[in-house]
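Asker: Got a structure for you, written out below as structure tokens; questions coming shortly.
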Amino acid sequence: MHIDRFRCTYLAPALLAGFLISACSGPQTLAPADLPREPAGPTYSMLVASPDGLLRAAMPAGTVDRVGPAMEAVVARSLAPSGAMLAVAFTRNDSTYLAVVTPGQGAARTLPLAAKRREVTMAWRPDEGALVAGYYTPDGDAPGPGGMVVVETAGMTMRPSGCTASRIVYGWPTADRMLVGDGKSIYLVEASGCATTTTFSLLKKHQVTPSPTGRHVAYIFRELEYNREKRTYEPDSTLMIAELDGSNERPVAGERYHPRNLAWSPDGSKLAFDVTSQTDPSIRHLAVYDLAAGEATFIVRATDTVMPSETRPQWSPDGRYLAYDRTFVHGELYQKGVRSMDDNAVYQVAEQPRAAGKLDLWGWAGNRTVLRTVDGHYLLGIPGQPIPEPLAVDGALIMVW
């Protein structure tokens, strides 16, 4: 369980002005000359849920249209793969509803989902003609009473999925197969009738993350191993990747790396995560595992004199960008960084004092990041501009584009 398949890859000289994929190279600096720029006063549109209704606003013009019903609380949201439609689960009057809206035009179409307030997970069929929604009342760490339905979006008709035991939706990777779960296992089931074809047990597995293709699953496997020298049991946490049926299981990063924050690329070809530095345990580095190559590559971003800790990788919906946290162990700044996967350019989209806390990546608007502060305010992070633009949001933000 301790096979660590990391390598150090050096980029061509033209790419070394600011970025290196290496755990073995010295510090480099980023030249900001060619970073993408946005015009002053960025334009964007957004959907906002409020007690007055679902509102669509165009900024900076400030035009606002009511396109859906009032929403007390947003439970879940799921954007169709093409970005053409958005499903929103919300509560109102102690009931749970589902709304489907085309972001740039038209009104939302709504139907009741459950007579009580429920937790909801959703996934779109690849052709976007339907989505599956699982809903339940939490019962400790397991899903309690609930159900699972399929909604045909053309007529907003709802039918039972056929899944009687599962309440959690993980994905709809192919037209005829869905990924669902009951809190104990993940099941690959037939989309029509929910007959199980593959079962993946969650026993001793943590941070379980199925790939978007539904073929693979990444997880942290934890168990106690006996140390003969110390004559005691010690915990072992190894990052593993396997086929969904449990076959072809392979270790990616062992216990000494303390891997966490697993994130598949949208096409399922790569897995990003962060690991503990082997030279300074107070620092963490990003790493990306390439499924086809079977290797994990460190991503190390250095300054002239200080090595930052980089964590919590998150992919953009098109897989072209990777956002992450950057903190300096002995410094006063917290930053959000973004790496372009096309040309390896690295730039900041936000910077603030560490005392102000971290900024969560709420979502994306193209190659721009939508951030949320600890106080619940929203910011638009623009490539090459380290001071993000505040978003005028009076309610719960649903989408920015």
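The values are calculated or read from the model by the stated rules, or taken from the named source; none is laboratory data. These numbers come from a predicted model, not from an experiment. In this analysis, Cβ positions are derived from the backbone assuming ideal geometry, glycine residues included, and neighbour counts consider all displayed protein chains. Remember, those area values only see protein heavy atoms, side chains included, never the ligands or the DNA or RNA. Shrake-Rupley method; radii C 1.70, N 1.55, O 1.52, S 1.80 Å.
Asker: Is there a quick way to get the dipole size of the chain? I mean about its Cα centre, with the Cβ of Lys and Arg at +1 and of Asp and Glu at -1; what is the value in debye to the nearest 20? The partial results should precede the final answer.
Answerer: Values: 38 positive and 42 negative charges, 82 e Å.
Dipole magnitude for the chain comes out near 400 debye.
Asker: Starting from the Cα of Lys116, step 7 Å toward the Cβ, then list every residue of the stretch 128-169 with an amide N under 13 Å from that point.
Answerer: Counting only backbone N, you get 135-140, 143-147.
Asker: Considering only protein heavy atoms and a probe of 1.4 Å, how much of the accessible area of the chain is carbon and sulfur, as a whole percent?
Answerer: Solvent-exposed carbon and sulfur of the chain make up 51 percent of the total.
Asker: Within the chain, count lysine pairs with alpha carbon atoms under 26 angstrom apart where the residues are 8 or more positions apart or belong to different chains.
Answerer: Final tally of qualifying lysine pairs is 11.
Asker: Which FRET efficiency value, to the nearest 0.05, do you get for Asp245 and Ser50 by plugging their Cβ-Cβ distance into 1/(1 + (r/R0)^6) with R0 = 45 Å?
Answerer: Efficiency at R0 = 45 Å is approximately 0.50.
Asker: Hey, another quick one. Which distance in Å, rounded to a whole number, links the C-alpha centroids of the stretch 156-224 and the stretch 320-350?
Answerer: For the stretch 156-224 versus the stretch 320-350, the Cα centre distance is 33 Å.
Asker: Please give the per residue accessible area of the stretch 196-302, computed with a probe of 1.4 Å over protein heavy atoms only, in Å².
Answerer: 46 Å²
Asker: Based on the Cβ-Cβ distance of Ser192 and Thr213, what FRET efficiency does E = 1/(1 + (r/R0)^6) give at R0 = 25 Å, to the nearest 0.05? Working shown, then result.
Answerer: Values: r = 20 Å, r/R0 = 0.80.
Calculated transfer efficiency: 0.80.
Asker: Hey, can you find the accessible area per residue of the stretch 122-168 for me, probe 1.4 Å, expressed in square angstrom? All intermediate terms of the calculation are to be shown ahead of the outcome.
Answerer: On the way: 2030 Å² over 47 residues.
Roughly 43 Å² per residue, with all protein chains present.
Asker: Students often check this: by mean Cβ neighbours within 10 Å, which of 166-176, 120-130, 244-254 ranks highest, and how do the rest follow?
Answerer: Values: 166-176: 20.6, 120-130: 18.5, 244-254: 15.8.
Per-residue Cβ counts within 10 Å, averaged per peptide and sorted highest first, yield 166-176, 120-130, 244-254.
Asker: Pop out the ³J(HN,Hα) list for the stretch 78-85 in order, Karplus 6.51 cos²θ - 1.76 cosθ + 1.60 with θ = phi - 60°, rounded to Hz; leave Gly and Pro as x.
Answerer: With the stated coefficients, the stretch 78-85 comes to 8, 8, 4, x, 7, x, 6, 9 Hz.
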